[in-house]
Amino acid sequence: MEELWQAIRDFFKNFASDGGLVIVRTVAFALLGLVILKIVRSLTRRAALRSKLDNAAATFVISLITVLLYIALVIVIVSSLGVSTAGIIAAFSAVALAVALALKDSLASLANGVIIIFTKPFKKGDTVMINGQEGTVQDIRLFNTKILTFNNDEVIVPNSDVLSETLVNESNRPLRRVEICFYISYDADAERVRDEITARLAADDSILGTPAPSVGFDGFGESTVRCTAYAWSSTEDYSAAKAATKDIIYAVIREYGAEPSSRRLSVSVRGGKEGEDA
């Protein structure tokens, strides 16, 4: 029995002298770190759900915190093994710099994606015009934004282009104004045409009565008068109001004979045969 106890004591003595305690301590730190990481992630997820952050912002925050916690855990484990962390941090910095230089465009899109998620210049479901592409926002990701155009085309716009180009959010306000330019002949009764278009616009269900629709004369050419019809609608009814305004203008112009007259050019050649009308 005494020999057994001596063997046990020798085992633990050798284990301690050979670095066994370091290994046990490192394993303990690793297990404790994983438990703490899981708890922090759970608390962060609950806080994100209770806050006003949308899904994209909440996912980004949780992912960022998770990555930072894993990096901290690796540094603690390496330090527990007795390895100098200064070299590891320097190596990690060098790798991070190389990756940043190689993926600078992607990182620019990532940075802009973070800005879009938190500043919210637009949200999912908004009608926007980005980089010449007009459509409905389907998804906002960290690296790009997906837009569904009115032609049912799916367009992926890098977030680096979203904030560097002119951005028009057509859904940000409750009301929008329809502006349609058209031309009428000088021979037409301009006042009557204007009053009739205005009356029909006011009677259309997709067009608001306040502000009231109107028609203005804003240009005078050689043979036509340039007019503009203005009509307000809710943002949801904008497409219907625009189509209705075009239909009304066309119907009134045809009904009252206000179409611009076609011009004919007469050409003749001196000293030769007379030219025919072209």
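Miscellaneous remarks
- Each label point was placed 7 Å from the Cα along the Cα-to-Cβ direction; for ALA72 and ASN151 their separation is 5.1 nm.
- Out-of-range pairs (alpha-carbon distance over 28 Å; input LYS146/LYS242; LYS120/LYS246; LYS38/LYS123): LYS120/LYS246; LYS38/LYS123
- Fully extended contour minus Cα-Cα distance, from SER79 to ALA30, at 0.36 nm per residue: 16.5 nm
Read-outs throughout are calculated quantities, based only on the coordinates presented, and are distinct from any laboratory measurement. Note that the structure is predicted; figures quoted are calculated from it, not measured. Don't worry about glycine lacking a Cβ; one is built from the backbone with ideal geometry, like all the others, and counts go over all protein chains shown.
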